[in-house]
Amino acid sequence: MCGGCVGTEYPERGTTCLEGGSFLLNFVGCAQCGRRDFVLLSNRAAGLHGGEEIVTYDHLCKNCHHLIARHEYTFSVVDDYQ
């Protein structure tokens, strides 16, 4: 994660669960080009490992393609609970 692009490295999100896994309200702008615009999703991959779905992807600046953050999250079902 680029410390210059985000406000807080690991923000407190409470019980918020986002389908894309990313908390884009924390994006303050690109540290490389200085613009605050939409971000691109790149290198998305999903696979199963031990009964869990693991999803990884990168967020890039739309304008200069600077790497803002790499994301990884897991999805699992235990005793019928997600």
>> Please go through segment 41-64 and give me each residue that is in contact (Cβ under 8 Å) with a residue 24 or more places away in the chain, outside any strand (DSSP E or B) and either of a type in the set (Ser, Thr, Tyr) or farther than 22 Å from Ala31 by Cα (or both), ordered by number.
In response: Gly51
> Looking at segment 1-38, which of its residues are modelled with pLDDT of 80 or more and open to solvent by 70 Å² or more (accessible area, probe 1.4 Å)?
Replying inline: Val28, Gln32, Arg35, Arg36, Phe38
>> I'd like the residue in segment 54-82 that is open to solvent by 70 Å² or more (accessible area, probe 1.4 Å) and within 16 Å of the chain's Cα centre (by Cα) and, out of all such residues, is modelled with the highest pLDDT.
In response: His65
> Which members of segment 39-53 meet the condition of being closer than 13 Å to Val6 by Cβ and open to solvent by 70 Å² or more (accessible area, probe 1.4 Å)?
Replying inline: none
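The values are calculated or read from the model by the stated rules, or taken from the named source; none is laboratory data. For clarity, every value in this text was computed on a predicted model and none was experimentally measured. So basically every Cβ, Gly included, is an ideal-geometry build from the backbone, and we count neighbours across all protein chains shown. For the accessible areas, the whole protein counts, side chains as well, though only heavy atoms, and no ligand, DNA or RNA atoms are used. Shrake-Rupley method; radii C 1.70, N 1.55, O 1.52, S 1.80 Å.
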